[in-house]
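Values in this text are rule-based calculations from the coordinates and carry no lab data. A quick note: this is a predicted structure, and the numbers were derived from the prediction, not measured. Methodologically, a virtual Cβ is constructed for each residue, glycine included, from the backbone with ideal geometry; neighbour enumeration extends over all protein chains shown.
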Amino acid sequence: MNKIIILLLVAFSVTSCALNKLFLNPRPLTVDFQRNFYSPETKDTLSLAFKDVNTPVITTKTGELAKFSYEIENVNFKSSRDRMINGWLVKPKNYNGTTIYFLHGNSGNIPYNFPLAEPFAKRGYQVFLIDYSGFGFSEGKAKRKDILKDANEGLDYLLNRKDITYDKLVIYGQSLGGHLSCIVANQNQDKIDGLVVEGAFSSHKDIAADQVPVLARIFVREIYSAEKNLPKFKKPVMIIHSTEDTRIDIKHGKRLFEVANEPKIYYQIDKKHVRGPLYYADSICFKIDQILNSQK
């Protein structure tokens with residue numbers, strides 16, 4: 001028996017790094033960061049860099065400031081652990097009255113994930129997104145318990161900004177952020193109007209078990225679970241998942257839809273993991289308005 005336990009521990013230690021990266025894979029930022037990207041809105045290749053500490057500056061090939069249908073306000077707030085958390089408040093010029101609190105996935109940072117949030121800003125939604133501890137310019141180390149605090153405190157920051165107005169407030173979470181959004185929505189459901197979950201996993205144990213069967217269910221600690229929190233959420237929900245998602249199997253999205261309360265919408269799409277806003281923005285926005293109106 002002891003030999004079996006030792007073999008299990010050794011086997012799990014080999015896979016533990018992979019499991020940690022599955023949950024959290026942050027990319028810190030430095031002030032010398034620069035990224036070139038093509039913008040369909042301006043039909044030009046643009047450059048994203050930072051001025052001062054972390055103020056984003058987007059310029060054209062000629063060095064002029066790029067003009068968009070929205071403005072980006074860089075945001076910094078202190079968390080309850082006295083860490084600086086960085087975020088972007090994206091304010092469209094044709095604001096439609098709905099604000100989206102966007103929780104990105106387990107990889108990258110705001111500049112990396114912003115293209116997935118931008119389609120909403122271009123369609124009139126005000127979007128607030130943050131980097132969790134250890135991501136981007138946000139201070140601290142990336143830990144599962146800490147990113148939940150960050151996500152809750154990011155929502156508190158948004159709610160406490162008296163100059164930020166909205167008729168409806170929706171949480172939109174992708175991948176790990178989608179899993180996280182189910183917990184944040186449940187804990188703050190009296191403060192929001194709806195929830196959108198794209199490409200999320202049902203629980204930490206479930207997604208880990210997809211890669212390391214049996215061992216993951218034994219050793220992975222379930223600090224919080226979307227599958228357990230979502231049934232307690234009583235506001236409108238939309239679950240989005242792709243048939244071509246090779247990172248998080250569609251069975252997770254179907255399970256979350258199964259446990260969610262009415263009113264709810266299941267939107268099955270194609271394309272790669274959490275690429276919904278890039279290819280289905282119009283229909284996603286239509287369905288967001290649809291679930292919000294279902295409360296009337």
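Couple of notes before you dig in:
- Taking Cβ atoms as reference points and 11 Å as the exclusive limit, the residues near Glu41 contribute a net charge of +1, counting Lys and Arg as +1 and Asp and Glu as -1.
- Local charge for Asn109 was computed over the other residues whose Cβ lies under 10 Å away, with Lys and Arg +1 and Asp and Glu -1, and equals 0.
- Here's the list of aspartates and glutamates a cross-link from Lys149 could span, going by alpha-carbon distance under 17 Å and ignoring same-chain residues fewer than 8 apart: Asp82, Asp131, Glu139, Glu222.
- Among beta bridges identified by DSSP and lying wholly in the chain, the antiparallel ones come to about 45 percent.
- Ranked by how many other Cβ atoms sit within 10 Å of their own Cβ, fewest first, the residues Asp206, Asp289, Asp146 fall in the order Asp289, Asp146, Asp206.
- FRET efficiency for Thr60 and Glu244, using Cβ-Cβ distance with R0 set to 25 Å, rounded to 0.05: 0.15
- In sequence order, calculated HN-Hα J values of region 89-101 (Karplus, 6.51, -1.76, 1.60; Hz; x Gly/Pro): 9, 9, 10, x, 6, 10, 4, 9, x, 10, 10, 10, 8
- Given the alternatives [x] 67, 16, 15; [y] 35, 28, 14; [z] 31, 24, 18, semi-axes √(5λ) of the Cα gyration tensor in Å as computed for this entry is given by [z].
- Positive-end residue of Val75, Pro26, Ile130, charge dipole of the chain with Cβ unit charges: Pro26
- 22 Å Cα-Cα threshold exceeded, pairs from Lys78/Lys234; Lys205/Lys271; Lys43/Lys122; Lys67/Lys93; Lys143/Lys235: Lys78/Lys234; Lys205/Lys271; Lys143/Lys235
- Only helices enter the 222 nm calculation for the chain: every DSSP H run of n ≥ 4 contributes -39,500 (n - 2.57), and dividing by all residues gives -11000 deg cm²/dmol, rounded to 500.
- Ordering Glu262, Glu227 from the fewest to the most neighbouring beta carbons within 10 Å gives Glu262, Glu227.
- Neighbours of Glu262 by Cβ distance under 13 Å: Lys/Arg scored +1, Asp/Glu scored -1, total +2.
- Rel. contact order, % - alpha carbon contacts under 8 angstrom, at least six apart, region 192-270: 37
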